[in-house]
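Some notes on the structure that comes next.
The values are calculated or read from the model by the stated rules, or taken from the named source; none is laboratory data. If you're wondering where the values come from, they're calculated on a predicted model, not measured in any experiment. Glycine also receives a Cβ, built like all others from the backbone with ideal geometry; neighbour counts cover every protein chain displayed.
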Amino acid sequence: MKIEVPAILAGDRRMLARAITLIESTRPEDELEADALLQEILPQTGRSVRVAVSGSPGAGKSTFIEAFGMKSIQAGSKVAVLAVDPTSSITGGSILGDKTRMSILSAHPSAFVRPSPSGGSLGGVSRRTREVIWLVEAAGFDRIILETVGVGQSEIDAAGMTDFYLLLQLPNAGDELQGIKKGILEIADCVFVNKSDMDRPSALRSRAELESALHYQRPRTSGWQIPVLAGSATTGEGLDQLLVTLHEFCIHQGYNDLTVKPPTSSLFHLRRCAQLTDWMHDRIKDGLVRNFYASASVRSKLTEVETKVANGTLLATEAVQKLFDAYRQGSMP
Ligand SMILES: Nc1nc2c(ncn2[C@@H]2O[C@H](COP(=O)(O)OP(=O)(O)O)[C@@H](O)[C@H]2O)c(=O)[nH]1
Ligand SMILES: [Mg+2]
């Protein structure tokens, strides 16, 4: 069935879901249609606040997003949740798990919950997450929440697609235990110590520790002292304060009127402009990788070369050289 842009702009969910499927498709014949669709909707995007919610598995991200999403809806927002879970294609079950946990939000008419697509992911974040964000914005969602698993590259990718990066922490666990690499704290705009209901003294201690650790760090956003809040996704404690913090952040960035796009003078706008360049580079990398593996001359050699590398008769570096040569020759006119 054909994708109808006016239906997407009118917020038709079925059309939106279909458009997302098209955008995420890896079939070459869908690509042209997907790109045409993007061009058409791009002018209608950007009127939103994009939030990344990160933290180790079990930190409570899905539970938190459900509660925070509902709060945002009560405050007048339309919420879209995109789950980016690099483990989902391995465990299979976690997609269902996330959906089930966000059952209240999923069923709400002002929310749209999209689980992560299985496979087709480059470095954790789905290769089309950025484009999916634009689609849901065009459909009228003004608060975008990206759930991401707290590991390496996918964090950097998630930060590179959002305006506000929220890190969930557990009380009672040392930095090593939680795997807070310094790098992740460095990209955070706010830290929320979740599950404070379970152990308040530990939560407050964690908060104080994080605050002092952050005190000496240069914030990602200049002039913004990264707040550390404590609360609970299950009791809702701390969520109001988080909404206030998010609002303060928007104002701090020069984004005062959320009913329009961020003004060109705002830091939101500047951050997003830089993200457009990232988009281009992502598309280049994605296109090259797929083109490489689709190339007939590469494919004709790949299995043989792989076997040689595996049994030690060919160095990986030499193998790459061979395949690159084959690729170059294959792509000559
Ligand atoms: N007591 C308590 N339990 C929580 C809280 N937030 C999440 N949980 C529980 O922690 C477990 C993991 O939560 P989940 O949202 O799936 O974590 P995720 O892996 O980060 O998405 C679930 O059993 C939740 O019910 C909280 O604030 N307090
Ligand atoms: Mg989850």
Checklist entry - (1) surrounded by fewer than 12 Cβ atoms within 10 Å (Cβ to Cβ); (2) under 23 Å from ALA138 (Cα atoms): which one isn't true of ALA310, the others all being true? => result (2)
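This table checks each residue for (1) buried (at least 18 other Cβ atoms within 10 Å of the Cβ); (2) modelled with pLDDT of 95 or more.
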residue	(1), (2)
GLU211	no, no
ARG220	no, no
ILE226	yes, no
GLY236	no, yes
SER266	yes, no
LEU270	no, no
LEU288	no, no
ASN291	no, no
Item to check | Options SER72, SER25, SER48; residue that is more than 16 Å from ligand 2 (Cβ to nearest atom), under 20 Å from the mean Cα position of the chain (by Cα) and without any contact (Cβ under 8 Å) to a residue 12 or more places away in the chain | outcome: SER25
Checklist entry - When the residues of segment 195-233 are filtered to those that are in contact with a Phe, Trp or Tyr (Cβ under 9 Å, 6 or more places away or on another chain) and touching a residue at least 40 places away in the same chain (Cβ under 8 Å), which remaining residue is farthest from SER56 (Cα to Cα)? => result THR221
Item to check | Conditions (1) modelled with pLDDT under 80; (2) among the small types (Gly, Ala, Ser); (3) surrounded by 21 or more Cβ atoms within 10 Å (Cβ to Cβ): number failed by GLY152 | outcome: (3)
Item to check | Residues of segment 1-22 that turn out to be over 13 Å from GLY140 (Cβ atoms) and under 23 Å from the mean Cα position of the chain (by Cα), as a count | outcome: 7
Checklist outcome for this item: Listed by range, helices (runs of 4 or more DSSP H) wholly within segment 263-333 having at least 1 residues that are within 29 Å of SER25 (Cα to Cα) and in contact (Cβ under 8 Å) with a residue 60 or more places away in the chain are 267-294
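Residue by residue, here is whether (1) in contact with a strand residue (DSSP E or B) (Cβ under 7 Å, 6 or more places away or on another chain); (2) at pLDDT 85 or above; (3) within 15 Å of GLY55 (Cα to Cα); (4) in the same structural domain as LEU239 (by TED's automatic domain parsing) holds:
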{"residue": "GLY119", "(1), (2), (3), (4)": "no, no, no, yes"}
{"residue": "ILE133", "(1), (2), (3), (4)": "yes, yes, no, yes"}
{"residue": "ARG143", "(1), (2), (3), (4)": "yes, yes, no, yes"}
{"residue": "LEU146", "(1), (2), (3), (4)": "yes, yes, yes, yes"}
{"residue": "ALA173", "(1), (2), (3), (4)": "no, no, yes, yes"}
{"residue": "GLN178", "(1), (2), (3), (4)": "yes, no, yes, yes"}
{"residue": "LYS181", "(1), (2), (3), (4)": "no, no, yes, yes"}
{"residue": "VAL191", "(1), (2), (3), (4)": "yes, yes, yes, yes"}
{"residue": "LYS195", "(1), (2), (3), (4)": "no, yes, yes, yes"}
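Which count do you get for residues in segment 190-211 that are among the aliphatic types (A, V, I, L, M) and in a loop (DSSP other than H, G, I, E, B)? Even if it seems obvious, please write down each step before you answer.
So the first thing to find is which residues in segment 190-211 are among the aliphatic types (A, V, I, L, M), and the list is 191, 193, 198, 203-204, 208, 210.
Narrowing further to those that are in a loop (DSSP other than H, G, I, E, B): 198.
So the answer is 1.
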Checklist entry - Would you pick out the residues in segment 1-32 that are in contact with a Ser or Thr (Cβ under 9 Å, 6 or more places away or on another chain) and buried (at least 16 other Cβ atoms within 10 Å of the Cβ)? => result GLU24
Checklist outcome for this item: Restricting attention to segment 212-237, the residues that are under 24 Å from the mean Cα position of the chain (by Cα), within 16 Å of ligand 1 (Cβ to nearest atom) and part of a loop (DSSP other than H, G, I, E, B) number exactly 5
